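Presented below is the structure to which this report refers.
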Amino acid sequence: MRKKVILITGASGEIGHALVDNLAEGGDCELVTLDLQELPDAAARKVKRHIKGSITDKMTLDAIASEYEIDVIYHLAALLSTRAEVIPGTAHRVNVEGTLLLLEMAAEQSQFRGKPVQFIFPSSIAAYGMPDLETKAAYPRVREWEWNYPTTMYGANKLYCERLGIYFSDHYKQLSEERPTTLDFRCLRYPGLISAFTVPSGGTSDYGPEMLHAAAKGVPYHCFVRPDTSINFMAMPDAVKAALSLAAAPAKSLTQRVYNITAFGLSAEQFRDQVVKAFPGAEIGYQIHEKRQGIVDTWPMDTDDKHARRDWGWQPDYGMERCFEEYLVPNIRKRYE
Ligand code: SER
């Protein structure tokens with residue numbers, strides 16, 4: 001008999017870190033992780049097995065599928081928006097082709113065991129594309145189906161993979177006489193995420209967390225977007241809570257497969273104010289990177305998450321003040337002490 005596990009791809013990344021901790025605490029099912037990097041020791045002790053490899057390698061995925069019965073997949077591996085613009089072809093191979101291989105694996109496993117494999121997928125505010133700042137101001141809280149015109153490779157990859165997930169869940173092999181049991185795709189559109197314990201790499205919402213971590217370390221920081229640049233953000237514990245809550249929701253309560261979730265919207269200047277309040281000596285200036293600015297300008301100011309609230313009781317624990325005062329600042333202080 002194969003052993004039943006939860007598979008986490010991209011487990012060494014920012015969300016992965018936090019998710020492994022939480023799932024290991026729950027302890028219902030053993031964890032198998034996959035990442036190009038090693039898992040840090042503390043996390044490695046919490047998982048049944050870590051596989052150092054790529055989601056684009058079908059042989060690796062086949063080996064995992066032959067050994068384990070996968071109950072849930074948290075598919076976190078991806079190249080983020082800034083990095084994806086540097087190597088767009090690779091981004092497509094990882095973000096789209098890697099996701100396709102995993103979806104195929106999940107579909108086969110679902111059919112084999114006669115029970116859907118749950119597939120939890122993080123999408124992003126990058127799936128939106130506001131054409132200009134006037135439109136961005138005129139539609140401050142976008143709904144899931146509005147302004148789906150991403151201008152980045154990463155955003156296009158995420159939006160398309162949302163569609164692929166829906167295809168595999170609801171329309172896979174739609175011409176066959178007997179529809180197979182297929183997977184259960186559930187997706188969250190995250191805002192910019194901020195962790196007290198890790199610094200992001202390769203994203204374009206990174207100016208927020210970067211200025212905070214720089215201030216805590218006592219090093220100067222030059223924010224690469226204008227002070228008035230506004231998007232929404234979320235504390236990492238809320239990001240993890242959202243993924244776990246969506247996974248735990250009964251299928252019959254879900255009316256869609258892709259959900260916005262948000263915690264608080266704020267401008268770069270308001271972000272800076274929070275950082276300076278906590279670290280009064282912080283040296284944070286602005287050195288605008290026009291191209292990265294252009295990307296953030298296409299992302300909405302905030303998203304409307306009423307469907308997530310209605311269908312699976314989503315509610316963030318951390319609004320802006322609580323996020324800084326109770327989660328970020330005390331933990332970051334400790335980290336760099
Ligand atoms: N935080 C991501 C990025 O900046 C967006 O999802 O790429």
Residues (part of a helix (DSSP H, G or I), away from the ligand (no atom under 14 Å from the Cβ) and not small (Gly, Ala, Ser)) located in the range 116-157: 133, 134, 135, 136
Leading residue by the ranking (farthest from the ligand (Cβ to nearest atom)) among those in the range 55-95 that are in a strand (DSSP E or B) and among the hydroxyl-bearing types (Ser, Thr, Tyr): 68
Please specify each residue of the range 170-195 satisfying the condition of being away from the ligand (no atom under 16 Å from the Cβ), surrounded by 13 or more Cβ atoms within 10 Å (Cβ to Cβ) and hydrophobic (A, V, I, L, M, F, W, C). 183, 185
Among (1) within 14 Å of the ligand (Cβ to nearest atom); (2) under 20 Å from the mean Cα position of the chain (by Cα); (3) under 29 Å from residue 133 (Cβ atoms), the one test that residue 198 misses: (3)
Of the residues that sit in the range 287-312 and are away from the ligand (no atom under 16 Å from the Cβ) and touching a helix residue (DSSP H, G or I) at 6+ places or on another chain (Cβ under 8 Å), which one is nearest to residue 155 (Cα to Cα)? 308
Whether any residue in the range 313-321 is more than 16 Å from the ligand (Cβ to nearest atom), within 24 Å of residue 215 (Cβ to Cβ) and in a helix (DSSP H, G or I) is what I want to check. yes
What is the number of the single condition among (1) part of a helix (DSSP H, G or I); (2) crowded, with 18+ Cβ neighbours inside 10 Å that residue 273 does not meet? (2)
Test for residue 106: is it within 16 Å of the ligand (Cβ to nearest atom) and either not in a strand (DSSP E or B) or not aromatic (Phe, Trp, Tyr) (or both): no
Over the range 136-169, the set of residues among the charged types (D, E, K, R) and within 21 Å of residue 302 (Cα to Cα) is 136, 141, 143, 144, 146, 158, 162
For the structure I just gave you, tell me whether residue 309 is part of a helix (DSSP H, G or I), surrounded by fewer than 22 Cβ atoms within 10 Å (Cβ to Cβ) and free of Cβ contacts under 8 Å to residues at least 12 places away in the same chain. yes
Please state which one of 227, 209 is free of Cβ contacts under 8 Å to residues at least 60 places away in the same chain, over 28 Å from residue 311 (Cα atoms), over 14 Å from the mean Cα position of the chain (by Cα) and within 11 Å of the ligand (Cβ to nearest atom). 209
One residue from 91, 107 being buried (at least 20 other Cβ atoms within 10 Å of the Cβ) and over 20 Å from the mean Cα position of the chain (by Cα): 107
Go through the range 274-294 and report how many residues are among the polar types (S, T, N, Q) and out of contact with any strand residue (DSSP E or B) (no Cβ under 7 Å at 6 or more places or on another chain). 2
Restricting attention to the range 19-42, which residues are crowded, with 21+ Cβ neighbours inside 10 Å and under 20 Å from residue 195 (Cβ atoms)? 19, 20, 23, 31, 33, 35, 39
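Throughout, read-outs are computed from the coordinates displayed, never taken from laboratory work. All of these numbers come straight from a predicted model, not from anything done at the bench. Neighbour counts are summed over all protein chains in view; Cβ atoms, including those assigned to glycine, are modelled from backbone coordinates with ideal geometry.
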